[in-house]
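Remarks on the structure that follows.
The values are calculated or read from the model by the stated rules, or taken from the named source; none is laboratory data. No experiment lies behind these values; they were computed from the predicted model shown. Note: ideal-geometry Cβ built from the backbone for every residue, glycine included; neighbour counts use all protein chains shown.
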Amino acid sequence: METFKKKRVEIILEQPMVRPMLHLIEKLGVTGYTMLPHLSGKGHTGERGETDLSGALANAMIIVITSQDQAHRLMEQGLKLLTDRTGIIYMSDVEVARDQHF
Amino acid sequence: MGDVISVAMGNLLTPMVLFFALGFIAAQLRSDLEIPEAISKGLAIYLMASIGFQGGVKLSHAGFGLNVALSLLAAVALSFLLPFLAYFLLRATTLMKRETAAAVAAHYGSISVVTFVTATEFLNSQGIPFEGHLVAMMALMETPAIVSGLLLARRGASKDGGGLAGDNPQMSGEVLREIFVNGSVVLLVGGFLIGWTTGDRGMDAVGAFMLDPFKGVLCLFLLEMGLVASRRLRASKLGGGMVLAFGLYMPLVGALAGLCMAWLLGLSVGGATLLAVLGASASYIAVPAAMRLAVPKADPGVYVTLALAITFPFNVVIGIPVYLAAATWLFG
């Protein structure tokens, strides 16, 4: 089966920052994403999770699969958006079956 | 004095407060009891739509006059001004950083819908009437405090040479959206307008849903609030007794400001009690998200804990009967 090489960018960020990050993703022309809301976990800023009603203390995850160029642009500009904030952004290599979807 | 104690004890033994206590104790005992998030959101939506609708129907009886217009303006002013007082007190009595103090202050200018709703049920149980437009005042007090918080944080940021996320045009847009069209404001104002427009005809049509299950739904939501407040308290590190004390004395300061405003507006005892409750309560839904967006250096662990785990329980268990006693003493 033929597969196509892409980059998978994952961004774990504070719930209130989801909309600004999705806005950036769309502005960069990325064609799709998956968002997982209401996540919990622990990192260098301590434990985070659903212990309030506003979502200010909860995390979310955005997954993007895209071309290498777009992925690098997203890493660079996404990192700027996360300045002074809790969150991580990283990418990895993946292979997809349908090239035209990305 | 005996009357005040008996009213306070009566408040402690209402199903609402007892369900709150049940949630609080269950979380302290590390029970696995939890209300699914979608259900708790549904309960909150019901409570906001219902209280907005009920207030609108009440206003349709009383009519919209100059006193109502002045009350609405006063509500905006109270919400805008309280954070400056809160910020001054925090900076004078604690070592809290400027950004965090500004964010905390914003929470105390805004309001807690659930505290207000619990207070209205408490007044109903005591047979004390109140003006319908207090609901509209509550809706208008949700967000002016966010602007004050941003002004205070900006002042701090310019002194410290730091930047605010709100200076980024895209983030400013997000914060403006949070101020003007956040879900709770839309629902409260929308429900109020629907109730005002449809009046008794509307109440006849949907009263069986909007009014009758109200107390039971409030009990379930307070159970959830007890769980959330208790878990937040367990996970928190407030960083000092004076910060904790702020969460207990600031509601009294805010209530006093509310009572002064009620006196200027000529509100009834019930109306004055509710305005005191609005002055005393702190937001834990709309403001934390806005502050997280606009003031990233402020510590959410401090402002969410103070509003949700200290001030909210204080108001629900002790504050409401105390504010009623003060309003009765001043205006009765």
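When each of A:MET21, A:MET75, A:MET35 is tested for being away from every other protein chain (no Cβ under 13 Å), among the aliphatic types (A, V, I, L, M), closer than 27 Å to B:PRO288 by Cβ and surrounded by 12 or more Cβ atoms within 10 Å (Cβ to Cβ), the lone residue that passes is A:MET35. Restricting attention to the range A:39-64, the residues being within 14 Å of chain B (Cβ to nearest Cβ), surrounded by 13 or more Cβ atoms within 10 Å (Cβ to Cβ) and modelled with pLDDT of 85 or more number 4. Scanning the range B:10-52 for residues that are more than 18 Å from B:PHE312 (Cα to Cα), more than 14 Å from chain A (Cβ to nearest Cβ) and not in a loop (DSSP other than H, G, I, E, B) yields a count of 6. Has the range B:299-310 got any residue that is more than 13 Å from the chain's Cα centre (by Cα) and hydroxyl-bearing (Ser, Thr, Tyr)? Yes; the residues of the range B:299-310 include at least one that is more than 13 Å from the chain's Cα centre (by Cα) and hydroxyl-bearing (Ser, Thr, Tyr). Take the residues in the range B:32-58 that are in contact with a His (Cβ under 8 Å, 6 or more places away or on another chain) and within 17 Å of B:GLU131 (Cα to Cα), then tell me which one is surrounded by the most Cβ atoms within 10 Å (Cβ to Cβ). Checking each candidate, the answer is B:GLY55.
Screening A:GLN100 on (1) at pLDDT 90 or above; (2) more than 27 Å from B:ILE310 (Cα to Cα) shows it passes everything except condition (1).
Exactly one residue out of B:MET225, B:MET242, B:MET203, B:MET261 is more than 14 Å from chain A (Cβ to nearest Cβ), under 25 Å from B:GLN28 (Cα atoms) and of a type in the set (A, V, I, L, M), and it is B:MET242. So is A:ASP69 free of Cβ contacts under 8 Å to residues at least 60 places away in the same chain, surrounded by fewer than 20 Cβ atoms within 10 Å (Cβ to Cβ) and either at the interface with chain B (Cβ under 9 Å from one of its Cβ atoms) or closer than 30 Å to B:ALA309 by Cα (or both) or not? Criteria not met by A:ASP69. For the range A:21-40, the candidate set comprises residues that are in a helix (DSSP H, G or I) and touching a strand residue (DSSP E or B) at 6+ places or on another chain (Cβ under 9 Å); within that set, the residue that is nearest to A:LEU79 (Cα to Cα) is A:MET21.
Test B:ALA257 against the criterion of being surrounded by fewer than 23 Cβ atoms within 10 Å (Cβ to Cβ), in a helix (DSSP H, G or I) and among the small types (Gly, Ala, Ser), and give yes or no. It would help to see each step written out before you state the result.
Working: surrounded by fewer than 23 Cβ atoms within 10 Å (Cβ to Cβ): yes; in a helix (DSSP H, G or I): yes; among the small types (Gly, Ala, Ser): yes.
Considered against the rule, which asks whether it is surrounded by fewer than 23 Cβ atoms within 10 Å (Cβ to Cβ), in a helix (DSSP H, G or I) and among the small types (Gly, Ala, Ser), B:ALA257 comes out as yes.
Report, by residue number, each residue of the range B:260-281 that is more than 13 Å from the chain's Cα centre (by Cα) and assigned to a loop (DSSP other than H, G, I, E, B). Give the derivation first.
Taking the range B:260-281 first, the residues more than 13 Å from the chain's Cα centre (by Cα) are B:260-273.
Of everything in the range B:260-281, those that are more than 13 Å from the chain's Cα centre (by Cα) and assigned to a loop (DSSP other than H, G, I, E, B) turn out to be B:GLY266, B:LEU267, B:SER268.
Taking the condition at pLDDT 95 or above and either surrounded by fewer than 22 Cβ atoms within 10 Å (Cβ to Cβ) or farther than 21 Å from B:ALA298 by Cα (or both), does B:ALA157 pass? Break it down into steps so the answer makes sense when it comes.
On the way: at pLDDT 95 or above: no; either surrounded by fewer than 22 Cβ atoms within 10 Å (Cβ to Cβ) or farther than 21 Å from B:ALA298 by Cα (or both): yes.
So B:ALA157 does not fit the description; no.
Against the list (1) surrounded by fewer than 24 Cβ atoms within 10 Å (Cβ to Cβ); (2) modelled with pLDDT of 95 or more, the condition B:ALA105 fails is (1).
Of all residues in the range B:115-131, which are touching a residue at least 40 places away in the same chain (Cβ under 8 Å) and not in a loop (DSSP other than H, G, I, E, B)?
The first filter runs over the range B:115-131 and keeps only residues touching a residue at least 40 places away in the same chain (Cβ under 8 Å), leaving B:115-123, B:125-126, B:128-131.
Residues satisfying the conditions are B:THR115, B:PHE116, B:VAL117, B:THR118, B:ALA119, B:THR120, B:GLU121, B:PHE122, B:LEU123, B:SER125, B:GLN126.
Residues of the range B:301-315 include at least one that is in contact (Cβ under 8 Å) with a residue 12 or more places away in the chain, closer than 30 Å to A:LYS80 by Cα and of a type in the set (A, V, I, L, M). Residues that are at pLDDT below 90, assigned to a helix (DSSP H, G or I) and among the basic types (Lys, Arg) are absent from the range B:77-100. Against the list (1) more than 25 Å from B:ILE45 (Cα to Cα); (2) in a helix (DSSP H, G or I); (3) more than 18 Å from the chain's Cα centre (by Cα), the condition B:TRP196 fails is (1).
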